[in-house]
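The values are calculated or read from the model by the stated rules, or taken from the named source; none is laboratory data. Predicted model, so just to flag it, every value in this text is computed and none were measured. What goes into the accessible areas is simple: the full protein's heavy atoms, side chains included, and nothing from ligands, DNA or RNA. Shrake-Rupley method; radii C 1.70, N 1.55, O 1.52, S 1.80 Å.
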Amino acid sequence: MTDISHAAARPLVRHSAEGVMTFVYRWLFDHDFAPGFHRQVERAIALLILISVAAIVLEHIPEIYLPYAQSFHWFDVITVAIFSVEYLLRLYTAPVHPEFSDHRFPRLRYAFSFYALVDLVAILPFYFSHFFTVDVEMLRVLRLLRLMRIFKLSRELVPAWTEFQSLNAGRSFRAKVYALLEPTGHSG
């Protein structure tokens, strides 16, 4: 085969910024792209949120927190880094996200969406504590804001609940409970 036929056999790869943006969105966040990793990303973030909230609760128990204070700190650093990367990737891919792509400023539109604000409120306390002197009362408020991470779970729960309701419209309460407990065609 000639070099031309090899080139024709390979799919064209766009190296433009839009091509990279579309690639990242499709593989990480697009629910309609079956081979993508959106489910794994959402589940990993949900699990990290639950563990993070548990860590925040455990930080208020001195017997648990004091011996492991350094571990709690590094866990917070790692989770904030992961949440920051997720936020930045979602902000970066906003122009190709169907919900924001039709707007004149899709990234700005995303930045002021409910989930983006929750993401930002969940990570900003960490950064604020490094740039500003924080007294004890303010530290408590910042820790409380970190609990806002739990609202990120609604990104996965709200669509699942909507699907469940549409699949079970007009069914009895008993049938709905059964659909919740056992995988059926009405479970969603």
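Things to note:
- Counting heavy atoms of the protein chains alone, T184 has an accessible area of about 50 Å² for a 1.4 Å probe.
- Heavy-atom accessible area order for I45, I78, largest first, 1.4 Å probe: I78, I45
- Mean-position separation - Cα centroids, segment 62-82 and segment 166-188, in angstrom: 41
- Additional length obtainable on full extension of the chain from S16 to T162, 0.36 nm per residue less Cα span: 48.9 nm
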